[in-house]
Amino acid sequence: MGTPPTIDGAFARWLVARAGQALLGLRAELGFADPGALKSAGDKVSHDLIRTELARWRPGDAVLSEEDEGSRLAWAAEVSPEGVSRRTADRVWIVDPLDGTREF
């Protein structure tokens with residue numbers, strides 16, 4: 001895996017590439033027989049990977065994720081689940097882990 005790039009845009013591309021690879025692997029594993037199960041699993045796999053890597057490599061950043069109800073509720077309260085304020089964080093990541101799930 002190695003260390004990801006430090007520049008935000010390059011880091012985002014690195015993260016998206018990893019999530020994309022995980023999603024392609026999941027789709028190959030599950031197939032298309034049950035679209036609902038594939039969508040749910042895809043949302044979870046990509047969300048978990050993105051949240052884990054952001055927590056590991058960007059622990060001071062605030063995150064709002066469509067797939068994380070706790071994140072959305074904390075966002076409304078202005079503090080992330082990790083205790084980072086979205087108003088004072090240097091970076092805020094707004095994430096939709098698998099956009100366009102119907103097409104997935």
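The values are calculated or read from the model by the stated rules, or taken from the named source; none is laboratory data. This structure is a prediction, so every number in the text was calculated from the model and none was measured. Here the Cβ is made from the backbone with ideal geometry for all residues, glycine too, and neighbour counts use every protein chain on show. Each accessible area value is taken on the protein alone, full model and side chains, heavy atoms only, with ligands, DNA and RNA left out. Shrake-Rupley method; radii C 1.70, N 1.55, O 1.52, S 1.80 Å.
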Restricting to the range 3-21, name every residue that is open to solvent by less than 30 Å² (accessible area, probe 1.4 Å) and outside any helix (DSSP H, G or I).
Pro4
Output for the range 25-54, where each listed residue is in a helix (DSSP H, G or I) and either surrounded by fewer than 11 Cβ atoms within 10 Å (Cβ to Cβ) or among the β-branched types (Val, Ile, Thr) (or both)
Ala28, Glu29, Gly36, Val45, Ile50, Thr52
